[in-house]
1. Filter segment 58-92 down to the residues that are buried (at least 16 other Cβ atoms within 10 Å of the Cβ) and hydrophobic (A, V, I, L, M, F, W, C), then identify the one that is nearest to GLY21 (Cα to Cα).
2. Pairs needed: first member in segment 21-48, closer than 14 Å to ALA100 by Cα; second member anywhere, part of a loop (DSSP other than H, G, I, E, B) and of a type outside the set (Gly, Ala, Ser); C-beta distance under 6 Å; at least 6 residues apart or different chains.
3. Go through the residues of segment 37-51 one by one and say whether even a single one is assigned to a loop (DSSP other than H, G, I, E, B) and of a type in the set (Val, Ile, Thr).
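Bear in mind these aren't lab numbers, they're just calculated from the coordinates by the rules spelled out. This one's a predicted model, so the numbers in the text were calculated from it and none came from an experiment. When we count neighbours, we look across all protein chains shown, and the Cβ atoms used for this are built from the backbone with ideal geometry, even at glycine.
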Amino acid sequence: MKRIIILAGVLMFSLPVLAKGDAAAGEQKAAMCVACHGAAGKVSVPLYPNLAGQNEAYLEHSLQAYKKGGRSGGQAEIMKAYVSGLSDEDISNLAAYYAAMKP
């Protein structure tokens, strides 16, 4: 049991180190997101999700799924068009940028 607690503590303090995106670079790419997701990652139209403060890994996974066609329905085709030209690094950077924002 003691080992589990120690491992959990190590992981908790290591998670920021595991984040691989560059939030500053993501800010440069975020201009295309503003129309739907708002300038501060907070929407005024409830049709679109807020991105500010979302989990970085979740955001990265979601953007990759849109890019690869792993999501369907709703705004999936629109999102696919937006992310199709992004590199994996761009996606990581965007995820880092929105995750770093205050929700």
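1. This residue is ILE91.
2. Listed pairs, sorted by first residue: GLY41/LEU51; GLY41/MET101; LYS42/ASN50.
3. Yes - at least one qualifying residue is present in segment 37-51.
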